[in-house]
1. Between a first residue in segment B:4-20 that is in contact (Cβ under 8 Å) with a residue 40 or more places away in the chain and within 13 Å of B:His353 (Cβ to Cβ) and a second residue that is buried (at least 22 other Cβ atoms within 10 Å of the Cβ) and among the small types (Gly, Ala, Ser), which pairs have beta carbons less than 6 Å apart while being 6 or more apart in sequence or on different chains?
2. Only one of (1) surrounded by 20 or more Cβ atoms within 10 Å (Cβ to Cβ); (2) in contact with a Phe, Trp or Tyr (Cβ under 7 Å, 6 or more places away or on another chain) is not met by B:Thr240, so which one is it?
3. Do we have B:Asp299 as charged (D, E, K, R) and within 17 Å of B:Tyr77 (Cβ to Cβ) here?
4. Taking only segment A:115-152 into account, find how many residues are in contact with a helix residue (DSSP H, G or I) (Cβ under 7 Å, 6 or more places away or on another chain) and more than 27 Å from B:Pro145 (Cβ to Cβ).
5. Hey, among the residues in segment A:160-207 that are among the hydroxyl-bearing types (Ser, Thr, Tyr) and closer than 23 Å to A:Leu122 by Cβ, which one's nearest to the other protein chains (Cβ to nearest Cβ)?
6. Collect the residues in segment B:93-120 that are more than 23 Å from B:Cys12 (Cβ to Cβ) and of a type in the set (D, E, K, R), keeping them in residue-number order.
7. What are the pairs with Cβ atoms under 7 angstrom where one residue, in segment B:293-311, is over 24 Å from B:Gln26 (Cα atoms) and at the interface with chain A (Cβ under 7 Å from one of its Cβ atoms) and the other, located anywhere, is at pLDDT 85 or above and part of a loop (DSSP other than H, G, I, E, B)? Sequence gap at least six, or different chains.
8. Just to check your reading of the model, which residue among B:Ser125, B:Ser173 is more than 14 Å from chain A (Cβ to nearest Cβ), surrounded by fewer than 24 Cβ atoms within 10 Å (Cβ to Cβ), under 18 Å from B:Asn70 (Cα atoms) and in contact with a strand residue (DSSP E or B) (Cβ under 8 Å, 6 or more places away or on another chain)?
Amino acid sequence: MPTFSKIFQREELTVNGIKTVMLTAGKGEPLMFWHGGGTFHGFDFAVPWADKYKVMIPFHPGFGESAEDVSVNSVHDMVMHYLEMFDLLKLDKVNLVGFSLGGYIASSFAVEHDTRLKKLVLVAPAGLKVPEAPSLDIFSVPGEVLGTYLVADMATLMPHLPTGHDIDFIVGGYREMTGAARLLWDRNYDPKLGKWLHRIKVPTLLMWGEEDRIVPAAQAPTWSKLIPNATVKTYKGAGHLVLDEKPEAVKAVADFFG
Amino acid sequence: MQRWQDDLQFYCMHFMPYLHLPEDHQKYDSVWVDFSNKHYDPKKGHALYKRYMAELVLADKLGYDGLVVNEHHATAYSMMPSCTVIAAALIPQTTQAKICCFGVPVNLAMPSRVAEEYAMLDVMSGGRLEVAFPLGTGMEYWAHPVNPATARARYRESIDIIIKAWTEDGPISYDGEFYNYRYLNVWPKPYQKPHPKIAIVGTGSPETVEYAAQHGWAYSQVFTPKAQQIKTFKALREMTEKYGHQNAPDKALFNVIVYVAETKEQAEKEAKEHIKFYFQDALRTTTRFLAPPGYISVDQFRQRASVPNIHGEFNWENLTQQWRVAVGTADDVAEAISTWCEEAQSSRPILHHHIGDMPHWKVVKNMTLFAEEVIPKLRPGGRRAVGGGEVKVAAAAGRS
C-alpha cells in the first residue's frame with residue numbers, strides 16, 4: 001500500500017452510498033485531483049499545491065481506500081459519482097486536475113458540467129480515440145513490466161515498488177485493475193467524446209510527458225483542436241507519470257490556476 | 001442419501017489437445033491466448049480428430065457410462081473450441097453412453113444458442129445428454145469480447161435464460177441486465193424433462209458451490225488437490241440440504257487422472273512423461289492470463305496468489321499424494337478410486353485416460369484395462385451392458 005505525505009488528512013465520505021476516502025491538505029480554493037488507473041505511486045507530487053489551495057484527492061470507487069460498487073461500471077457513472085460528491089461538499093467552481101483515467105473522467109465531466117469548474121487541467125488524458133496515435137491497452141501489458149511504460153526514468157518509481165514478493169502490493173494492483181476493467185475493458189475510449197469536447201468552455205491546460213508510452217503526447221494536437229480554450233505544455237524526459245517526474249509540471253498546474 | 005456404491009458410474013473424458021508443438025515451444029510462457037495458431041497444422045489436426053473420436057467411441061463400446069467433452073479457446077491445449085460439434089459427431093457413432101457436454105462457457109455464446117444446441121443434442125441422442133455450465137477459464141476472457149469484471153453476473157443470467165427457455169412454453173420475454181429477449185422461443189426443447197441433468201463446473205469457490213446447491217444441481221470439481229475437493233463436496237451437501245434439495249452421490253463429480261498397467265512400475269513408466277507434458281506444457285500459461293481483472297474476487301485472488309501456480313509446474317510426489325492421480329495396477333487404481341468416491345461421497349468419477357501427449361496405444365490399453373479389470377472390482381454388476389449384453393472389444397489394442 002502506498003504511503004502518503006504527512007500533510008494529507010484522511011476524510012471519509014459517503015457518496016450516494018459508496019464509502020469514498022479522500023486525502024486533503026492545505027487551505028484555499030478547492031483543487032481536486034482525479035487519479036489514473038493505479039494509485040501505488042501515491043500523491044506526494046501534489047504537496048506543493050497545498051501551499052495555496054485546498055487539495056482534495058478522492059480515491060475512485062474500487063481504488064485505494066474507497067469501497068467498490070460493481071454498479072459503477074462506466075465513465076458516465078463516475079461523472080455522476082463526482083457530481084454527487086460536488087453537491088455533498090457544496091463545491092462550485094472547482095479547479096480540477098484529471099490524470100490518465102482521471103483525465104477521461106474529467107473531460108467527460110467537463111463536457112456536461114463545466115459550470116461546476118473554474119479551470120481544468122488534463123494530464124495525459126485517456127478517453128479519446130486518436131487513430132494515428134492510439135492509447136496503449138494497459139490490460140495487455142504484464143504487471144511486471146508496466147513500470148517501464150509509466151515513466152521515462154525508473155528511478156522515479158523505485159521508492160513505490162516492493163523489494164520482494166509483496167502479496168498486498170500484488171492484490172492491491174489486481175483490485176485496481178478490476179476497477180479499471182469495469183470502466184475500460186470493453187474499450188479504453190468513448191467514441192463520442194471527440195464530438196462533444198467543444199462544449200468545454202473553461203480555460204483548459206493539456207499536459208504531457210513527451211515520452212509517454214501509454215497515452216502518447218502525439219494526441220495533444222487532437223485534444224487542443226477540439227477544446228476551444230486549451231493550451232498545451234509538454235515535458236522532455238518524462239513519461240506517462242509526468243507529475244511524478246517533473247516538479248516544473250506540478251508548478252505549471254498551480255501557475256495555471258493562478 | 002443413496003450410497004455412492006449403488007449408483008457408481010464411470011465417465012471417460014477427453015481434452016483433444018493439439019500435440020505437434022514446435023520444438024522450441026518451451027520458450028513460450030503460455031500455450032494459451034497468445035500462442036500463435038500459425039503452429040497449427042490442419043493435416044495433423046485432421047489425423048488427431050479421427051484418432052480422438054475413435055478413442056471416445058471405444059469408451060462407449062467398452063461400457064463407460066458417459067463420454068465427457070469440454071471446451072477451451074485459443075489454445076493448443078484443446079481442439080474442442082466447440083464441444084457441441086464433437087458431441088454431435090459422437091451421437092451416431094455411439095449407442096448407450098451419456099454424451100456429457102461439460103461444456104460450453106455460456107458467456108461466450110448467446111444463451112439462446114446454447115439452449116438450442118443442447119436441446120438439439122438431447123433430442124438427436126434420444127435423451128443421452130448431460131450438461132455442465134463452466135464460467136470458462138480466465139484465459140478464455142482474453143480471447144473474447146466479454147468483460148471479465150462482469151463475467152459472474154453475466155454467467156448467472158445466461159444460465160437463468162437457458163433454464164427458462166427449456167422449461168417454460170415459449171415465446172417468453174426476458175428483460176435482463178445483459179440480454180433482452182422479446183421472443184425467447186427455442187426449437188427444439190430438450191428430450192429429457194424438465195431438462196438434461198445439470199452440473200456447475202468450478203474450482204470450488206464458495207459462491208459457485210452455493211449457486212449449484214440453490215438449484216439442486218450437481219457440481220463438477222475441476223482438477224484440483226484432494227483436500228480442496230473434499231471441502232467443496234462437503235459444502236455442497238450442506239448447502240444442498242439447506243436449500244431444501246435432496247443430496248445424491250451423482251451430484252458430486254470429480255476429475256481423476258488414471259493409468260492402469262500390469263505393474264505399478266510399468267504404469268509409472270508408461271504414464272509419467274505424458275502427465276508431465278500435461279502439466280508442464282499443455283497447461284502452461286501465465287498468472288496474468290489465468291486471472292484477468294475482475295474474473296475472480298479480490299479475496300479469491302489473494303488466496304490464489306498465496307499458493308503455487310500449477311500451470312506449468314510438475315512435481316510427481318506432490319501430484320500423487322495431494323491430487324487425484326492413480327497410476328498403477330488394476331488393484332491400485334480400484335482402491336484409489338474407491339477411497340476417493342468415499343471421501344467425496346461421489347458416484348461420478350470423471351476419468352482422464354488420455355493424458356497430455358499420450359499415444360493411441362497407451363490410451364487404448366489404459367481404457368481397456370480399466371474397463372475390463374477395474375470397473376468390475378468397483379461395481380458388482382461389472383460394466384454396463386452394451387447393446388443387450390457384454391461386448392468383447394476385438395479392437396482393444398491387440399491384447400489377447
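The values are calculated or read from the model by the stated rules, or taken from the named source; none is laboratory data. In this text, all values refer to a predicted model and were calculated from it rather than measured experimentally. Cβ placement follows ideal geometry from the backbone for every residue including glycine, while neighbour counts extend to all protein chains displayed.
1. Every condition considered, the pairs that remain are B:Tyr11/B:Gly66; B:Cys12/B:Ala59.
2. For B:Thr240, the failing item is (2).
3. Details: charged (D, E, K, R): yes; within 17 Å of B:Tyr77 (Cβ to Cβ): no.
Answer is no for this residue.
4. Adding up the residues that qualify gives 11.
5. A:Tyr189
6. Correct list: B:Arg113, B:Glu116.
7. B:Phe301/B:Ala291
8. B:Ser125
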